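*Asks:* Here it is, the structure, as structure tokens.
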Amino acid sequence: MNPPNRTAPRRSWLGCAIAAALCLSAIPRVSCHRPVAAFSAAVKSDAASSTSTSDASSSPTAASLGLGKKSTALDVLKTLNNASRLAPYVASGGTAVITGGNSGIGVVSVSTMAAAGMKVVLCSRSVEAGEKVVSGLPEWYRSNVRVQKLDLADLTSVQEAAEEILETEGQIDVLLNNAGVMAIPRRETTAQGFEAQFGTNHIGHHMLTRLLLPSVTRGGRIVTVASEAHRFGQLDFADLNYDDERRRRPYTPWGAYGQSKLANLLFASALDDKLREQGEAKTDGTKSVSLHPGVVGTNLWRYSAPPVVGDLISGLMADKTVEQGAATNVFACLAESSMLEGGEYLNDCVKAKPSEVGRDAGRKMQKKLWETTEELIREAGYSLPDEIV
């Protein structure tokens with residue numbers, strides 16, 4: 001891993017950026033009530049925080065800072081900034097790579113991190129869709145975002161995207177594995193023949209992460225969006241792709257989705273273990289975590305039912321807005337290292353307890369998943385770095 005080599009801008013600039021973002025952001029569905037009051041309060045709050053000294057001996061939690069289920073992504077950014085608990089790479093204008101940045105909570109994650117002054121690589125299967133998001137961002141931080149073509153359902157695209165990111169950015173500070181597909185009605189496959197949900201949500205992200213890891217700065221962050229759906233997921237290593245000719249495990253939309261989300265959670269935990277094994281000298285506190293964003297009304301529901309019915313289901317089941325759904329993404333990516341253990345599963349910005357299978361007390365399942373995934377990638381004809389970092 002490469003050490004960051006940047007000069008931190010003045011803190012007052014970041015405070016002003018956050019204050020302006022609270023009032024001027026053009027991300028979908030964001031509204032700003034009483035903008036003058038909000039702006040004044042944000043500036044006042046930031047000014048007060050910048051004159052106080054952070055207590056290095058204490059490590060506040062998200063809950064103690066007032067963050068929770070109803071917090072928005074911008075609430076998280078402002079709160080961490082006011083408490084002097086943003087990771088160092090935020091103030092230094094670090095680089096964040098975000099998959100699925102063209103829709104849903106990905107859009108809000110992109111916008112919030114760009115508003116914080118970070119350079120953001122918005123990864124999207126459709127460059128046109130990504131450019132549309134960028135064109136809708138406020139002009140004052142639009143230039144912080146560039147679009148990168150990435151199709152996680154095709155490992156050739158994953159390889160090409162990783163190469164372009166490394167060539168263009170050189171090093172990155174944050175990788176947010178946010179993209180995903182959910183509850184595809186009938187079994188479909190990726191370009192390499194993997195079941196579409198397992199291949200896109202897990203295998204594609206595993207390969208992307210492995211290819212980018214050597215260029216993640218020391219003290220960086222890898223965040224993987226899992227889901228509470230991991231609780232009904234099962235990993236059948238004899239038939240991960242639901243293609244056993246005996247059909248002893250019939251494909252179901254939600255069963256396959258649950259399997260992919262359980263894989264996301266176990267991958268994040270296994271990666272953190274491997275980072276710890278590298279030692280502080282190589283990683284300097286680089287951490288991997290997973291999270292549940294909440295039940296959010298986004299286009300992930302498009303496969304659940306016909307369009308009109310799907311919209312109704314989404315509206316009835318969603319318990320968070322898109323802005324609230326992105327809050328844990330932003331917290332996991334931008335909070336200083338002391339606020340995270342590493343390897344944990346987050347929900348509403350705080351540590352949550354996974355299922356018994358997800359906790360994987362003996363670490364046997366996550367180790368087997370890691371080894372199996374790497375074998376599947378290599379059997380498909382692709383190479384991975386010999387070393388983790």
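Coordinate-derived values only; no laboratory data. Here the structure is a predicted model, which means the values were calculated and not measured. Glycine gets a Cβ as well: all are built from the backbone with ideal geometry, and neighbour counts include every protein chain shown.
*Asks:* Region 147-253: which GluC sites (Glu not before Pro) are DSSP loop and have at most 10 other beta-carbon atoms within 10 angstrom?
*Replies:* Counting only loop positions with at most 10 other Cβ atoms within 10 Å, the GluC sites (Glu not before Pro) in region 147-253 are Glu245.
*Asks:* Ignoring solvent entirely, what values of log10 I(q)/I(0) come out of the Debye formula for region 189-268 at 0.14 Å⁻¹ when each Cα is a single scatterer?
*Replies:* For region 189-268 at q = 0.14 Å⁻¹, log10 I(q)/I(0) is -0.49.
*Asks:* Sticking with this structure for a sec: Taking the mean number of other Cβ atoms within 10 Å as a proxy for protection, how do you rank 82-94, 198-210 from highest to lowest?
*Replies:* 198-210, 82-94
*Asks:* If you don't mind, there's one more thing I want to ask. Below 13 angstrom from the Cβ of Ala380, what's the summed charge of the other residues (Lys, Arg +1; Asp, Glu -1)? Could the numbers behind the result be given before it?
*Replies:* Values: positive: Arg378; negative: Asp154, Glu374, Glu375, Glu379.
That sum, taken over residues with Cβ under 13 Å, equals -3.
*Asks:* Order these peptides, 263-276, 65-78, by their mean beta-carbon neighbour count within 10 angstrom, highest first.
*Replies:* Order by mean packing, descending: 263-276, 65-78.
*Asks:* In straight Cα distance, which lysines are under 17 Å from Lys367, not counting same-chain residues fewer than 8 positions off?
*Replies:* Lys261, Lys274
*Asks:* Taking the highest mean first, how do the peptides 321-333, 146-158 order by number of other beta carbon atoms within 10 angstrom per residue?
*Replies:* Those peptides, ordered most packed to least, come out 321-333, 146-158.
*Asks:* If one computes P(r) from the Cα atoms of region 113-176, what percent of pairs lie at distances over 13 Å? Show your work: numbers first, answer last.
*Replies:* Details: 1286 of 2016 pairs.
Percentage above 13 Å: 64.
*Asks:* In debye to the nearest 20, how big a dipole does region 244-297 give about its Cα centre with +1 on each Lys and Arg Cβ and -1 on each Asp and Glu Cβ? Write down the numbers at each step before the final one.
*Replies:* Numbers: 9 positive and 7 negative charges, 73 e Å.
Dipole of region 244-297, to the nearest 20 debye: 360 debye.
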